[in-house]
């Protein structure tokens with residue numbers, strides 16, 4: 001089950017609806033009790049946040065957050081010294097523009 005599916009189920013329950021049948025739960029159901037409904041809406045908000053974070057991660061370059069190797073540093077420094085742009089280097093290294101700039105600063109190649 002993925003986060004979207006879980007969110008749909010919890011939201012249905014919070015709304016007092018059986019997620020499988022679409023039927024409204026009767027008033028004596030636990031899913032109609034105020035404190036349970038509030039807890040389910042809180043869980044729903046947490047799942048929404050989780051899904052947003054996961055979607056953002058999927059849009060980031062593949063090497064985001066990974067450590068830099070000595071070889072990566074050498075390639076980055078060499079590419080920068082050869083006149084390649086930060087954008088080109090970001091694409092080549094599968095990293096964000098900001099991470100390239102930060103690494104170039106750390107390598108003493110760039111001053112911000």
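The values are calculated or read from the model by the stated rules, or taken from the named source; none is laboratory data. Since the structure is predicted, the reported quantities are computational estimates derived from the model, not experimental observations. Counting neighbours? That spans all protein chains shown, and the Cβs are built from the backbone with ideal geometry, glycine included.
For the residues 44, 69, the requirement of being over 30 Å from residue 109 (Cβ atoms) and free of Cβ contacts under 8 Å to residues at least 40 places away in the same chain singles out 44.
Looking across the range 75-86, the residues that are part of a helix (DSSP H, G or I) and touching a helix residue (DSSP H, G or I) at 6+ places or on another chain (Cβ under 9 Å) come down to 75, 76, 77, 79, 80, 86. You will find that of 80, 25, the residue that is surrounded by 14 or more Cβ atoms within 10 Å (Cβ to Cβ), in contact with a strand residue (DSSP E or B) (Cβ under 9 Å, 6 or more places away or on another chain) and at negative phi is 25 and no other. Might you let me know whether the range 56-74 holds any residue that is modelled with pLDDT of 95 or more, surrounded by 12 or more Cβ atoms within 10 Å (Cβ to Cβ) and assigned to a helix (DSSP H, G or I)? Yes, the range 56-74 contains a residue that is modelled with pLDDT of 95 or more, surrounded by 12 or more Cβ atoms within 10 Å (Cβ to Cβ) and assigned to a helix (DSSP H, G or I).
Answer yes or no as to whether residue 11 is in a helix (DSSP H, G or I) and either touching a helix residue (DSSP H, G or I) at 6+ places or on another chain (Cβ under 6 Å) or in the same structural domain as residue 54 (by TED's automatic domain parsing) (or both). Yes. Evaluate the following for residue 19: is it assigned to a loop (DSSP other than H, G, I, E, B), surrounded by 11 or more Cβ atoms within 10 Å (Cβ to Cβ) and not assigned by TED's automatic domain parsing to the domain that holds residue 91? Yes, satisfied.
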